[in-house]
Amino acid sequence: MGIGLSITDDLAETSIINKAKVGTDITYTFTFKDDVTGFDKNDIEVTGGTKGAFSGSGSVYSLVVRVTDNSTTDLFVGVAKDAAIGGGIGTEYASNSHKVDTVVPSKPISLDLATEDDSGTSNSDNLTNKTSNLTITGSAEVGATIRLYNGTNTTAIGSEIVKANGTFSIDISLTQSTTPHSITARATDAAGNESLVSDALAITVDTTTATLTAQAMSVILVKTLT
C-alpha cells in the first residue's frame with residue numbers, strides 16, 4: 001500500500017536557484033496521506049544542499065535545507081520508496097528538485113574605447129571629441145548580460161549579451177566633462193548571478209574647438225611677412 005506522500009517547498013520562484021539564495025533556509029514540507037511513525041531526516045535524501053533542522057509528527061513533517069555555494073548541482077530532496085515508515089516499507093517514491101547555479105561569473109575584462117572613436121593624439125589614449133555612439137568593447141562570460149555604468153551612477157548606460165566568442169561591444173553616450181568619465185561593467189548570468197565590478201576605463205570627452213587668440217594671430221602674421 002502506498003504511503004501517499006507529497007513534498008513541497010517555500011520557494012516562491014520556479015526559476016533557477018542562484019547565489020542570492022545561498023545562506024537562505026529553504027523549508028521542505030512532507031505531507032503523508034495518513035499519520036506515520038518512524039519518519040526522520042535519515043529517510044530523506046538531499047543533494048545540492050545541506051540538511052538542517054527536522055521536525056513534525058503525524059502526517060506532516062518539515063526539513064530545512066541550505067543550498068550549496070559555488071555549485072551547479074541540482075537541489076534534490078527525496079524520500080526513497082524503501083524508507084521504513086510506520087513499521088512497514090513505503091512503496092512510493094516522492095521527490096522535489098530545482099535547478100541550481102550559485103557560481104558567480106568572472107568580472108568583465110579588457111574594457112576599451114573603440115579605435116575609431118578615440119580621436120586623441122593616439123588611438124589608445126581614450127580621449128575623444130564624440131559624445132554619442134561611443135563603442136566600448138571587452139570580454140566576459142559567454143551568454144552573460146553586460147551592463148555599463150558611468151561613475152557611481154547605478155543606472156546602466158548600455159547593455160548587451162556576450163557573444164559566442166566571449167566579447168561584447170556596447171554603444172554609449174557621454175557628456176563633455178572637465179574630468180574623465182569612469183566606465184565600469186558588471187556581468188549577470190542566466191541564473192541572475194552578478195559579477196564583481198570590472199576595472200574602470202577612464203574616458204575624456206573634449207568637444208571644445210581650438211581657437212587662436214589675437215596675439216597668436218599677430219605672431220603668425222609677423223612670421224609670415226618676414
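Each value in this text was obtained by applying a stated rule to the coordinates, not by laboratory testing. What you see is a predicted model, and the numbers here were worked out from it, not measured in a lab. When we count neighbours, we look across all protein chains shown, and the Cβ atoms used for this are built from the backbone with ideal geometry, even at glycine.
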Name the shape class, rounded, prolate or oblate, that the alpha-carbon gyration tensor gives for segment 5-98, where a ≥ b ≥ c are the square roots of its eigenvalues, rounded holds for a/c under 1.5, and otherwise prolate holds if a/b is larger than b/c and oblate otherwise. prolate
Which one of 94, 78, 58 has its Cα pushed farthest toward the positive end of the charge dipole of segment 5-98, where Lys and Arg give +1 and Asp and Glu give -1 at the Cβ? 78
